[in-house]
Each structure stands twice: as structure tokens, then as C-alpha cells.
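Working notes, structure below.
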Amino acid sequence: MAARRRFGPMTGRRASTTGRAALLALLAVVPIVAVVGVSLTAAGLQSVGLMPFIGPPQLSADAWTSETGELIRSSVTSVYIAAVSTVLSLVVGFMLAAYVLAMHRMGRIVETLSAATIPIPHVIGAGAIGLLLSDSGFLERLLGMPDAFPALVSGPWFVAVIAEYAWKESAFVALVVLGSISRSVGDLCDAAATLGASAGQRIVRVVLPLAVPSLAVSAAIVFVYTLGSYEAAWLLGPTSPEPLPVRAVRLFTSVDLAARPQAMVTALVSVAVSVVVIITAVLVLRRHRSLR
Amino acid sequence: MYPSFSPERRRFLLPAAAALALVLTGCSGASVEPAENFGTFDEVLAAAAGQTVDLWMFGGDAKGNAYVDDVLAPAAQDQGVTLRRVPIADTPDALNRVLSELQAGRSDGSVDLIWANGSTFSTGKQAQAWQCGWTDLLPNMRYTDQDDPLLLNDFGTPVDGCEAPWHKAQFTFFYNSDAITDPPTSLEGILEWARANPGRFTYPGPPDFTGSVFLREVMLSTAGGADQVPLPYSDEAFSEYAPAALQTLEELEPSLWREGATYPRDEQALNTLFADGEVDIAMTYGPATLTDLVGSGALPPSTKVLTLEEGTVGNASFLALPVNAADAAGAMVVANIALSPEQQAAKADPGTWGQFTVLDTDLLTPTQQNLFAQLPESPIVPDYEELSRNAHGELGSEWVPALNEAWRQDVASAP
């Protein structure tokens, strides 16, 4: 992006380079499109009864129409969890990045700690958050409030689920932001400081605008990821309402084979919501770039 | 920022992917025939030599794992069959694997034997995923009672020789004797106790296996006893007996742990609440594990088993053989070994696993009977005779998803 701005409008030579790059990327993209295509086709066929485990295939929209109310409730729950987790991850992630940029020695330590958070599997993270936040967990014992401790795990607001995602994903956001701006931000901040900008002003006027594109990209990734992930919501969420992935897995593993089409419907709805979010994010990004 | 494709190329990619998808999914629905049929057990033994049997079973029970690895597998090795335990989180996972492989037309399936029962069995039977009629070949079947209802029907689904019995289980409540000095003696009593002691009782949320059993027990109790509800599922029977149970549970909700706003995920989650002193009564379909749980300190030493006057539900679990198992003969040999009096007695030892035998000990020789007579008693769990007093069999498996779904709609999702 920076390169393009520096060299001005695309020349013919550049266009052919782009073509060659696309050809190379084809090797990676074709298998992905094939796998996603096969799974989506299979899910679509199963959702309308054309790929049954038992009996002859029979076209039917029952799975799509039978539990619309619950599907909507699940979608709303999932979008709520994903939206709150994304906002928290962005805020915390940006603050982490700003801290790392500002504090040289402590920042390095914080950066290493954040990086170390990322490879921890979500299910382990969820287990740890469960031990920390549950009614008789570590925090409750530490604070010694057996009767007044709020229902964070399995509570109605999915607090523990969101805490797990926010914790893991904020580290991811921080690393993406740092990776994309750390080279350019130093000089600009120095210049701003020379002109008399305070630390707060430098963060808001220099670091934040530079970080917006990477924040937007990571917001889309975090949103889609949390929308589709199962472990934390299953382990730490309440019995009802059910987020989309939990509902999909429950229906998919149901002993009643007739529930398979509904599982596929749930999965496809989850995909549809994600696609909408990705498209919105791409549009917003384009818009942002054209503004500059 | 990202390489983007020209519209032409995009137009080419989508049909290509769709075509590939159709090719790959087009082979579904192929039917797989059982590999071979055996006339005698000697033929089975001959075919089994050198085979490796993959036994897919719930991997969350350390004693069960140790029994299979240290007792059953060496015995199978002696007869030339290697037994490999494949741990899974949930039994339907194994059936899902079989169904997916059947759908893909694979005849050399990776699952040879599944520790199954109840809904998994009936789902598999519905999908014709099991080999049937092979248990008659097993010599050790002669030690079982031919008329034992628990071995003839698995949750109301006729067994038809599609799975070999493995052990019996009895649904059991247990309580904290420090907190409850005068324990209730019936299921109705338990619910009354729960109402009188708000926040001190809960049950795992169905479709969890244990929570689902509790749900059915409540229905039998509100119907006036186990003999009132017909075992086979029908819509009429459901609308006659289920509403009372659901209403009872709905009315019970405010008295439950967290006022019923949520339910423990599974039996382990309930055990954690019990161990942390958040609830005083818990339940399990595997009372064999209690001795160990108390011994290791996972449950408090004040844990005591609660036997109900009207009895609780019991069932047998089985080893089922998928229709496309690659090592079917070896699987039959393992199932036969697992049924031998020596293996059944070893497994019944609380120190090993503590699972109740499926054999009829009257049919055994005095030496074999002695194996069972010598078993040490558990300090926590009474013997099978006492636990299974007034016991009843499971309802037909179709009751299970129907009740689970109704519970989720009426009780769990209620505002």
C-alpha cells in the first residue's frame, strides 16, 4: 500500500507483476476454494435433505423453516458475543500496542508475554478462565465472597466467554498492530514530540490513525473467529441461549439423525453472518483507503 | 493490500469448485456390505490371527482405560489379536466416524469395536451401521442369561445379536452425609428436599447423558411408577406423560442451584459443584467410579450412596461391531474374551474398574463363581444386588431425544 503511494499510479510493468503474483497465489487459493466449496456444497445439500444418512434423498426446506425463532436467538447471541469480544480485544490490543511502543524495556516484556499467549489453545484458555472466574474458583477464594460472587461462568451475559476471547485476541490484535506500524511510527512520534505533542496527543493523533487499517483487519478476523468458535462458548456459557456453533455441534452430534439437516442450517447461517461481516469490513477498508 | 483476482478468473474458479464439490460428494450413499460371514468361532479365530482391533470408547474414565490397556489387551494378545484403545470424548463421535466412512463408501473402516449403548446403538441400527447376528458365535455367551431383559433390549431397541454385552450399570444418587442427616428415600422425596433447600440441588442439563436419565426418572416418578409408562415411544404416550414431568421441573427451577438460570454441563461439572459444597446431592450412571473418586479426594469422604425405595433405572452396555469394520474377526475375538468369567470378574473388582458383570453367576462353575465371591467390597458403593433392588429397564430410545428437546424448549429456554 505504501509502495503504491510512493510510485504513483500502476504502470503496465506493475500490472504484469500483479498477474504473476496472482498466478502464484492460485496454487494456494484453489485448494482452499475447493475445500470450502465442497464443505459448503455438502452442508447445503444435507440442509435440504439431499444427502441423508438413511433413506432416499428428498428435497425439503423443513430444516430451514422449522426453528426460525431459535435460529434467530442463536444468531443474536453469537453476534453479541463476537461484537463485545471484538470491541474489547481492539481496545485492549491497541492499548497494549501503545504501551509497548512507549515503554522500551517493559514494553519488550509485555510484547513477549502477549506473543506467548497466542499459541495457548482456546480450550485450555477456557479451562483456565473457568478455574479463575467460576463460583468456587480462584478469584472467589481470593476475594472470599462466597455468597455475593457474580455468576460469571455460565451466567446470562457470557462474561467468562467474552473474557476468554478478549484475553487471547487482544494479544493477537496488539501483535498485528505492532507489526504493521512499528517501523513508521517511531520517526513520526519523534517529530510530533519535537513539535510539542504530549504522550496522550501522540497516541491519539499519530499512533491511532496509523493503526486504524490494521485494527480494522484484525477486527474482522477476531469477529469472524469468535463467531465461529465453539470451545469457550460451550465450556463457559449458560445452557440457554445457545450461540450458533454450540447449537450446530449439539445438533450434529445428536443421536437423532434427523437433526443433521438442522445442524447444517445452523452452520450455514453462521457462515452467512461471517460473510456479511467480511464484506462490510472490506468495504469499510476500501473506503478508508480512498479517503486518504 | 491483498492480491485480487480479475473477474474473469473468479468466474472460472467458482464453477470449478462447484464441479469438484459434486465429484467429491457424488460418491456418497454407496452401501457397504459386511466383509465376511463366519460359520463357527474357529473360523473367526483363524481369520483374527494377527489383526489389530481399534476399540473406540469414552476416554474420560481413567480406570476403564487402565482396565482395557492392562487387563483386556494382554488377554487379547495371548489369542493373537492386538487391541488398541481409541479414546473419544463422546460415544456418538465414534458412530459419526462410522457413518461418515459409510457415506464415503469405505469398506475398510477404521472403527472395529465401539463401547456403545442406548441411543448410539439405536441410531446406528437405524442407519444399518452394525453387523448383526454375530454374538451367537461367541462361546462365552453361554454364561449369560438368555432371558435377561437388560441383555435382550438396549433402551428398548432389540439387540438382535448386533452387539455383545459388556457390563451393567445402575443409575445412582449420592449425597453429602455431613449436610443431609435424614436423606430422602424416593425421587419425589429428593424433589421435595430440593424445594425445601433452595440452591442446594441441580442436575446436568440434557442432552447430557446423566441429565437425560434424570429427566426420564422424573417422568416415571410423576407418572406414578416405572410400570405406568409404556416402553416404546409414541406421540400419545409422550403427550400423556411428558407434560407433568416438564411442569414439575419447571416449577422446581427457582429452587435449583442458580435458580435454574443455567445447569451444569455434564456429570463432571455436577461432581465439581458437589465437591465444592455448592450442592448436596449428585447422580451418576456409573456408580463404579464413586469408590475411586472418594478415595482420591475428588469427592468428600462424607459422600454416601442414596438408594431409592422405588428403585432406579439400570442398563447394560455393549460392544458393537460396525458393518464396515476392517478387523471384524479380531473384534469378535475381543468381545468374546471380554465376556469370559475371568475378565468379567477382574473388571468387577472395585480396584480395577468395579463394573457390574453381565454374566449369570449361577451358570458358572464353582471355580469361576469363586472369582466373583472373592471380590473385595467397596466402602462406598453397595453391591449390585442392593443397588439394583426394584430396578427397572430403560425406556425406548426414541423417548430420549424427544424428552431432551421438550426439556430444552420448555425448561431451559423458559424466560
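The set of residues in region B:110-131 being facing chain A (nearest Cβ under 9 Å) and hydroxyl-bearing (Ser, Thr, Tyr) consists of B:SER119, B:THR120, B:SER122, B:THR123. Taken together, B:ALA244, B:ALA237, B:ALA282 contain a single residue that is crowded, with 16+ Cβ neighbours inside 10 Å and free of Cβ contacts under 8 Å to residues at least 40 places away in the same chain, which is B:ALA237. Any residue in region A:243-252 that is free of Cβ contacts under 8 Å to residues at least 60 places away in the same chain, in a helix (DSSP H, G or I) and of a type in the set (Lys, Arg)? Looking for residues that are free of Cβ contacts under 8 Å to residues at least 60 places away in the same chain, in a helix (DSSP H, G or I) and of a type in the set (Lys, Arg), one finds at least one in region A:243-252, hence yes. Select, from A:SER274, A:SER270, A:SER254, the only residue that is within 13 Å of chain B (Cβ to nearest Cβ) and either buried (at least 19 other Cβ atoms within 10 Å of the Cβ) or modelled with pLDDT of 90 or more (or both). Going through A:SER274, A:SER270, A:SER254 in turn, just one is within 13 Å of chain B (Cβ to nearest Cβ) and either buried (at least 19 other Cβ atoms within 10 Å of the Cβ) or modelled with pLDDT of 90 or more (or both): A:SER254.
Of all residues in region B:327-349, those that are in a loop (DSSP other than H, G, I, E, B) and either in contact with a strand residue (DSSP E or B) (Cβ under 8 Å, 6 or more places away or on another chain) or crowded, with 21+ Cβ neighbours inside 10 Å (or both) total 2. Within region A:264-290, residues that are over 17 Å from A:VAL249 (Cα atoms) reach partners that are surrounded by fewer than 14 Cβ atoms within 10 Å (Cβ to Cβ) with beta carbons closer than 9 Å, at six or more positions or on different chains, in the pairs A:LEU285/B:MET1; A:ARG289/A:MET1; A:ARG289/B:MET1.
Residues in region A:141-164: is at least one within 14 Å of chain B (Cβ to nearest Cβ) and acidic (Asp, Glu)? Within region A:141-164, one or more residues are within 14 Å of chain B (Cβ to nearest Cβ) and acidic (Asp, Glu).
Residue-wise test of (1) touching a helix residue (DSSP H, G or I) at 6+ places or on another chain (Cβ under 8 Å); (2) on the phi < 0 side of the Ramachandran plot.
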| position | (1), (2) |
| --- | --- |
| B:MET141 | yes, yes |
| B:ASP148 | no, yes |
| B:GLY161 | yes, no |
| B:PRO165 | yes, yes |
| B:ASP182 | no, yes |
| B:GLU188 | yes, yes |
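Just one residue in the set B:GLU251, B:GLU309 is surrounded by fewer than 21 Cβ atoms within 10 Å (Cβ to Cβ) and touching a residue at least 24 places away in the same chain (Cβ under 8 Å); that residue is B:GLU309.
When B:ASP154 is tested against the conditions (1) within 14 Å of chain A (Cβ to nearest Cβ); (2) surrounded by fewer than 24 Cβ atoms within 10 Å (Cβ to Cβ); (3) more than 14 Å from B:MET57 (Cβ to Cβ), the lone failure is (2).
Consider region A:65-83 and keep the residues that are under 17 Å from A:GLY237 (Cα atoms) and among the charged types (D, E, K, R). The one that is modelled with the lowest pLDDT is A:GLU70. The single residue among B:GLY105, B:GLY124, B:GLY133 that is outside any helix (DSSP H, G or I) and either within 18 Å of A:PHE53 (Cα to Cα) or among the polar types (S, T, N, Q) (or both) turns out to be B:GLY105. In a residue-by-residue description of region A:36-46, the property of being loosely packed, with under 15 Cβ neighbours inside 10 Å and assigned to a loop (DSSP other than H, G, I, E, B) applies to no position. Among the criteria (1) away from every other protein chain (no Cβ under 14 Å); (2) surrounded by fewer than 16 Cβ atoms within 10 Å (Cβ to Cβ); (3) in contact (Cβ under 8 Å) with a residue 24 or more places away in the chain, the one A:GLY179 does not fulfil is (1). For region B:91-109, which positions are within 11 Å of chain A (Cβ to nearest Cβ), surrounded by 22 or more Cβ atoms within 10 Å (Cβ to Cβ) and not aliphatic (A, V, I, L, M)? Across region B:91-109, the qualifying residue is only B:THR91. Of A:VAL153, A:VAL123, A:VAL87, all but one fail to be part of a helix (DSSP H, G or I) and in contact with an Asp or Glu (Cβ under 9 Å, 6 or more places away or on another chain); the exception is A:VAL123. The lone criterion from (1) surrounded by fewer than 17 Cβ atoms within 10 Å (Cβ to Cβ); (2) among the small types (Gly, Ala, Ser); (3) within 14 Å of chain A (Cβ to nearest Cβ) left unmet by B:GLY396 is number (1). Candidates A:ALA171, A:ALA166: the one that is within 21 Å of A:PRO119 (Cβ to Cβ) and in contact with a Leu (Cβ under 6 Å, 6 or more places away or on another chain) is A:ALA166. Within region B:202-217, at least one residue is touching a residue at least 60 places away in the same chain (Cβ under 8 Å) and over 24 Å from A:LEU235 (Cα atoms). Screening the candidates A:ALA216, A:ALA232, A:ALA192 for the property of being part of a helix (DSSP H, G or I) and crowded, with 20+ Cβ neighbours inside 10 Å yields one hit, A:ALA232. Residues of region B:153-185 that are assigned to a loop (DSSP other than H, G, I, E, B) and within 30 Å of B:PHE318 (Cβ to Cβ): B:PHE155, B:GLY156, B:VAL159, B:ASP160, B:GLY161, B:CYS162, B:PHE171. Considering region B:239-286, and only residues there that are among the aromatic types (Phe, Trp, Tyr) and within 14 Å of chain A (Cβ to nearest Cβ), the residue that is farthest from the chain's Cα centre (by Cα) turns out to be B:TRP257.
One residue stands out among those in region A:61-87 that are surrounded by fewer than 15 Cβ atoms within 10 Å (Cβ to Cβ) and of a type in the set (S, T, N, Q): the one that is nearest to A:ALA126 (Cα to Cα), which is A:THR68. Screening the candidates B:SER107, B:SER100, B:SER119 for the property of being out of contact with any strand residue (DSSP E or B) (no Cβ under 8 Å at 6 or more places or on another chain) and either on the phi > 0 side of the Ramachandran plot or without any contact (Cβ under 8 Å) to a residue 12 or more places away in the chain (or both) yields one hit, B:SER100. For region A:196-231, the set of residues classified as out of contact with any helix residue (DSSP H, G or I) (no Cβ under 9 Å at 6 or more places or on another chain) and more than 18 Å from A:SER184 (Cβ to Cβ) consists of A:GLY196, A:SER198, A:GLY200, listed by residue number. One residue stands out in region B:353-379 among those that are surrounded by fewer than 19 Cβ atoms within 10 Å (Cβ to Cβ) and part of a loop (DSSP other than H, G, I, E, B): the one that is farthest from the chain's Cα centre (by Cα), namely B:THR365. Pick out the one residue from B:LEU371, B:LEU387, B:LEU375, B:LEU359 that is more than 14 Å from every other protein chain (Cβ to nearest Cβ), within 30 Å of B:ALA47 (Cα to Cα) and touching a residue at least 12 places away in the same chain (Cβ under 8 Å). Answer to the selection: B:LEU359. Considering only residues in region A:219-264 that are more than 21 Å from A:VAL277 (Cβ to Cβ) and among the charged types (D, E, K, R), the one that is nearest to the chain's Cα centre (by Cα) turns out to be A:ARG250.
The values are calculated or read from the model by the stated rules, or taken from the named source; none is laboratory data. Bear in mind the structure is a predicted one, so any value in this text is a computation, not a measurement. When we count neighbours, we look across all protein chains shown, and the Cβ atoms used for this are built from the backbone with ideal geometry, even at glycine.
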